[in-house]
Amino acid sequence: MRYMYLVKSCQSGMPPARLFEELDKLAQRAIKSGAMIDSGGLLPPQAGSMHVTLQGGKVSVIDMPMAEAKEVVGGYAIFEFKTREEAIASAVEFMNVHNEFGEGWEGTCEMRPMMTNPHAP
Amino acid sequence: MTVADTHRAILAVWRTEQQRLVAILARMLRDVPLAEELAQEALVAALETWPESGVPDKPAAWLITTARRRALDHIRRNQMLARKHETLARELETEQEIMPGPDANLDDDIGDDILRLIFTACHPLLAREARAALTLRMIGGLTTEEIARAFLTTTPTIQQRIVRAKRTLSDSGLAYETPHGAELEQRLSAVLEVIYLIFNEGYSATSGEDLMRPQLCDEALRLGRILAALAPKEPEAHGLLSLMELHASRFPTRTDANGDPVLLLDQNRARWDRLLINRGLAALQRAQQLGGADGFYTLQAAILAVHARAATAADTDWVQIAALYARLAAFTGSPIIELNRAIAVGMAEGAAAGLAILDAIAAHPALKSYHLLPSVRGDFLAKLERHAEARVEFLRAASLVANERERNFLLKRASSTGA
C-alpha cells in the first residue's frame, strides 16, 4: 500500500540545521530499506502560492491568504509499506526526530493511504 | 495502548528493522542462521517486555541492543567451542564499551551489512529456488507461509528448502562478505537473477486468484530498490529496477473488468502510474550514465521506456524498439527476442520486412511449439492479404496455445480471415 505523508506546521522560518541533518539520515535509511519512493519539500507560501478556487460556479485565482498561525504543508513523502502499522511507525519515528532536533518545532504529519489499486482489474 | 496495540507496534517495527538486525548480527557472528535466530529472540523479548514497560522511544535501537546482548551471551556460553568465538567475544565487548548507549549504532551506515546479507542469501552455492526463498525470508521478511503461497507450494516444502539452504551456508563456512573485482560481476548477476525471478513469478500470474502473487512483484520491487540504493555504481542494478518499475507502472491496465488480458497497445495510458514511470525512467538514465546501456536488463528497460514515453500507441517509436531488440538479440541469441524484433520491424517498416525476419527463425527448434510464431506470422500474412496462408497460421497457433481465452481469440481470427 502506498502512503503519502503531508507534513504541516505553523512554524515559519528555517528549521535548525541539525534537524535537516537528522532527517536526511532518516531519509537515507528509508531509501535503503526500499520504503521511500518519492519526497519533496515545498517553498513557503510567500514564494508564490496561489489559490485557484471553484465556488458557486465561478473559478477564481487569488493569492494564498496569509493568515497568522495557519498550518501550511511544508513537504511530502511517498512510502510503500506492507502494513498500516509500518506506515504509522514510520510517521511516529519521523516526528520523534523533529521532537529531538527541532528545537520546539511543532506540527502534524498527515498520513494518507493513496489510491493506487495497482493489481485490481 | 492496549496489549493488542503494542503487539501491532512491535510487529511493525520488526518488519521494518528485521533485515538490519539480522545483517548487523550476521557481521558480528559471521553466521547468518544464528544471526536470524538471535534476532528472533530479540523479537520475543520485545513481545514479553513492551506490553508492560510500554513501547520504548527508540524501538529499533532497543531491538538492536537486545539482540547484541544476546549475541554476546551466546558467544560466552559457547566459549569452549572455538577460539574464533573467544576472539569475537572480546571484539564484541570492546565494541559494547565503545558504544554503550541504546542509541549507539542506529545511525551507522549498515547498508554494507544488508548488501552482504543479500549476497549471502543469493550465493551461487545454493539452488535458484532456495536463493529466492532465502532472500524473501531474510531480506523481505516474509513468513514461510507467505513464501509458500507465493510459489504455489506447501509450507513444509519452503521450510525444508530454507533449512537446507541455511545448513549449506553454515557448513560451507563461506566468507560472509561483499565480493570484489571479477567475482562481483558474477555474484551480482546471481542476485539480479533472483530478484527478476521473484518479479516474474508474480508478474506472470495474471490468471491466479491468489492475491499473494502480485505481492511478489511488490517484494521484488522493494528488493530492487534496496539493491540499487546499496550498490549505486552498478548499472544493471538500476537497469533491473527500471525494468520492474516500468512494468509495474502498467499493472492497473493489464487486465479488463472481466480479468482478461489487455494488450499493451490497447491499454489506457492515462491510467499508467506516472510515479513509477518517472522512477523507471530515472533508473534507466542512471544505468545508461554508468555505461550500462547494453546490459541485459537495461536494454529491456529501454524498450519499455519507449512505450512509456509514447503518449498514444500510435506515437510509439517502433524503429527505436526494433533497434533495441537487435542489440538485445545480439548478445542473448534468443529466437524469442528475434520474434519480438520481427513484430517491431513489422510495425516500423511493414509486414513484409517483419515476415522476412520470422522466416529466418521459423525453423528454430525452440519455437517449434511456440504459439506466438504462427500467430504473429498469421498477422503479417493477413496484412499482406495472403488470407489463405494466414488462416492456416491462426489455426496452427490455436492448436498450440494452452489458454482457452487466447485459443478462442485465434480461432475467431482464423474464421474471419479472408472470408
>> Looking at the range B:315-370 only, could you name the residues that are at pLDDT below 90 and of a type in the set (D, E, K, R)?
In response: B:LYS368
> Does B:LEU169 meet the test of being surrounded by 13 or more Cβ atoms within 10 Å (Cβ to Cβ), modelled with pLDDT under 85 and under 19 Å from B:VAL32 (Cα atoms)?
Replying inline: yes
>> Any residue that is among the acidic types (Asp, Glu), assigned to a loop (DSSP other than H, G, I, E, B) and either modelled with pLDDT under 85 or surrounded by 14 or more Cβ atoms within 10 Å (Cβ to Cβ) (or both) - is there at least one of those in the range B:197-207?
In response: no
>> Looking only at residues that are among the charged types (D, E, K, R) and within 14 Å of another protein chain (Cβ to nearest Cβ) in the range B:267-318, which one is surrounded by the fewest Cβ atoms within 10 Å (Cβ to Cβ)?
In response: B:ARG274
> Taking the range B:51-86, which residues are part of a helix (DSSP H, G or I), exposed (fewer than 13 other Cβ atoms within 10 Å of the Cβ) and at pLDDT below 65?
Replying inline: B:ARG83, B:LYS84
>> If A:ASP38 meets every condition in (1) in contact with a Cys (Cβ under 8 Å, 6 or more places away or on another chain); (2) closer than 24 Å to B:GLN215 by Cβ apart from one, which number is that one?
In response: (1)
> Any residue in the range A:111-121 that is under 25 Å from B:TRP14 (Cα atoms), in contact with a strand residue (DSSP E or B) (Cβ under 7 Å, 6 or more places away or on another chain), away from chain B (no Cβ under 14 Å) and at pLDDT 85 or above?
Replying inline: yes
> For the range A:67-117, what are the residues that are surrounded by 14 or more Cβ atoms within 10 Å (Cβ to Cβ), assigned to a loop (DSSP other than H, G, I, E, B) and over 15 Å from the mean Cα position of the chain (by Cα)?
Replying inline: A:PHE81, A:LYS82, A:THR83, A:GLY102, A:THR116
>> Let me spell it out: the conditions are (1) away from every other protein chain (no Cβ under 14 Å); (2) assigned to a loop (DSSP other than H, G, I, E, B); (3) of a type outside the set (Asp, Glu); (4) free of Cβ contacts under 8 Å to residues at least 24 places away in the same chain, and A:PRO15 meets all of them except one. Which number is the exception?
In response: (4)
>> For the range B:147-166, which positions are touching a residue at least 40 places away in the same chain (Cβ under 8 Å) and either among the aromatic types (Phe, Trp, Tyr) or surrounded by fewer than 20 Cβ atoms within 10 Å (Cβ to Cβ) (or both)?
In response: B:PHE151, B:LEU152
>> Of everything in the range B:224-244, what is among the charged types (D, E, K, R), more than 9 Å from chain A (Cβ to nearest Cβ) and part of a helix (DSSP H, G or I)? Give them in sequence order.
In response: B:GLU236
> Out of curiosity, is B:LEU221 modelled with pLDDT of 90 or more, more than 8 Å from every other protein chain (Cβ to nearest Cβ) and either part of a helix (DSSP H, G or I) or at negative phi (or both)?
Replying inline: no
> When the range B:116-146 is examined, which residues are found to be surrounded by fewer than 19 Cβ atoms within 10 Å (Cβ to Cβ), more than 16 Å from the chain's Cα centre (by Cα) and under 15 Å from B:THR168 (Cα atoms)?
Replying inline: B:PRO124, B:LEU125, B:ALA127
>> If I ask for residues that are aromatic (Phe, Trp, Tyr) and either over 22 Å from B:PRO214 (Cα atoms) or under 20 Å from the mean Cα position of the chain (by Cα) (or both), which ones from the range B:253-308 would you list?
In response: B:PHE296, B:TYR297
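The values are calculated or read from the model by the stated rules, or taken from the named source; none is laboratory data. None of these values were measured; they are calculated from a predicted model. We place every Cβ from the backbone using ideal geometry, glycine too, and count neighbours over all the protein chains shown.
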